[in-house]
Amino acid sequence: TEKVIAAVLASRTYSEQNPALTVSGGICTWTITHNMNNSNVGIHVYEVSTGDEVMYDRSITSANVVTVKILADANIAADTYKVVILG
């Protein structure tokens, strides 16, 4: 049923908003621990205020950690972006 599918999807999804990020060499690096025990995940990053997906580079560091790199000219304030990880 729809409720079962929704429950399964909810258990396989992780999201969080960014902490304050410091720019270094034109890049802000955000390390996310999702604890999904799955390295085959989909990663999406959105701007909180607009809902627009942003351009970023990502690496799957382990079955529980991903790293997102965002080009930036200045530090990024906390809660500017939201990551959604599907796994």
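The values are calculated or read from the model by the stated rules, or taken from the named source; none is laboratory data. Please read these numbers as outputs of a predicted model, since none were measured by experiment. Note: ideal-geometry Cβ built from the backbone for every residue, glycine included; neighbour counts use all protein chains shown. In case anyone asks, the SASA skips ligands and DNA or RNA and just uses the protein heavy atoms, side chains included. Shrake-Rupley method; radii C 1.70, N 1.55, O 1.52, S 1.80 Å.
Quick look at the values:
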quantity	calculated
Tally, over segment 57-76, of residues that are crowded, with 17+ Cβ neighbours inside 10 Å and without any contact (Cβ under 8 Å) to a residue 24 or more places away in the chain	1
Residues being among the aromatic types (F, W, Y) and surrounded by fewer than 18 Cβ atoms within 10 Å (Cβ to Cβ) - total across segment 15-46	1
Where a residue in segment 1-12 is open to solvent by 100 Å² or more (accessible area, probe 1.4 Å) and its partner, wherever it lies, is not in a helix (DSSP H, G or I), with Cβ under 6 Å and at least six apart	R12/G87
Tabulated pairs, segment 34-49, first within 7 Å of N64 (Cα to Cα) and modelled with pLDDT of 95 or more, second of a type in the set (D, E) and in a strand (DSSP E or B), C-beta under 7 angstrom, 6+ apart or interchain	none
Selection count, segment 62-87, where residues are modelled with pLDDT under 95 and either of a type in the set (D, E, K, R) or in a loop (DSSP other than H, G, I, E, B) (or both)	1
Identity of the residue in segment 47-56, assigned to a loop (DSSP other than H, G, I, E, B) and not aromatic (F, W, Y), that ends up least open to solvent (accessible area, probe 1.4 Å)	V54
